[in-house]
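The values are calculated or read from the model by the stated rules, or taken from the named source; none is laboratory data. For clarity, every value in this text was computed on a predicted model and none was experimentally measured. Ideal geometry is used to build each Cβ from the backbone, glycine not excepted, and the neighbour counts take in all protein chains shown. To get the accessible areas, we keep the full protein, side chains included, count just its heavy atoms, and leave off ligands, DNA and RNA. Shrake-Rupley method; radii C 1.70, N 1.55, O 1.52, S 1.80 Å.
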Amino acid sequence: MRSTAVLLVAVAVCTGGGSALAAARGECFALAQGLHAGEFLTAEMAQAIPCRDERPDLPLAFDRDAGAPVAKEDLPAGTYLGQIALRPGSIATAGETLQLVIRHGPVIVEREVRPIRSLRAGERGFVRAADGEVLAARFVDAGSAE
């Protein structure tokens, strides 16, 4: 499956950032959409709901590269997440096929690449082209590609 995400090679230093969206005291979340095993959980996938007395035992692991939880098994929409801190933004998984776009004046060069590690939108990282060449690039969320 081909991703519609875009990578840009940037000459200027990129300042990512954006603090994590921490669950405020008394605010809990549920999945707004289903999550498949191996997919990352981001703020856009959750909706605020009233807290329950239960403490969910979720099949989630934390991916340090992406700074986000990843599902160890499929989770249906409506799954109670409880109080959880989630950051917004798309995440490209390691090995996912992406389109690298290099712009220099009127010239645009595109090539298929794969991230070496998971990347969050706005982050710089390394990608590998089909010929084995490793390039530094910035992952740009498809919705904000320039």
**OP:** Would you please calculate the Kirkwood hydrodynamic radius of region 74-117 over all C-alpha pairs and express it in Å, rounded to one decimal?
**Re:** 14.1 Å
Subject >> Chain lengthening between Glu44 and Ala136 when straightened (0.36 nm per residue, less Cα-Cα) >> reply: 30.4 nm
**OP:** Keeping the other protein chains in place, figure out the carbon and sulfur percent of the accessible area of region 57-124, with a 1.4 Å probe.
**Re:** 50 percent
**OP:** Per residue of region 80-88, in order, report the coupling 6.51 cos²θ - 1.76 cosθ + 1.60 (Karplus, θ = phi - 60°) as ³J(HN,Hα) in whole Hz, putting x for Gly and Pro.
**Re:** 6, 9, x, 7, 9, 8, 10, 9, x
Subject >> Extension gain, Gln99 back to Gln83 (0.36 nm per residue minus Cα-Cα distance, nm) >> reply: 2.2 nm
**OP:** Determine ³J(HN,Hα), in whole Hz, for all residues of region 65-76 in sequence, where each value follows from phi through the Karplus function 6.51 cos²θ - 1.76 cosθ + 1.60 and θ = phi - 60°; x replaces Gly and Pro.
**Re:** 4, 8, x, 8, x, 10, 6, 8, 8, 4, 10, x
Original post:
If you take the beta carbon distance between Arg55 and Val109 as r and set R0 to 35 Å, what does 1/(1 + (r/R0)^6) give as a FRET efficiency, to the nearest 0.05?
Top reply: 0.10
**OP:** Quick one: which residues, 5 or more positions from Gly67 or on another chain, have an amide H under 5 Å from its amide H? H modelled 1.01 Å from N in the peptide plane, none for Pro or chain starts.
**Re:** none
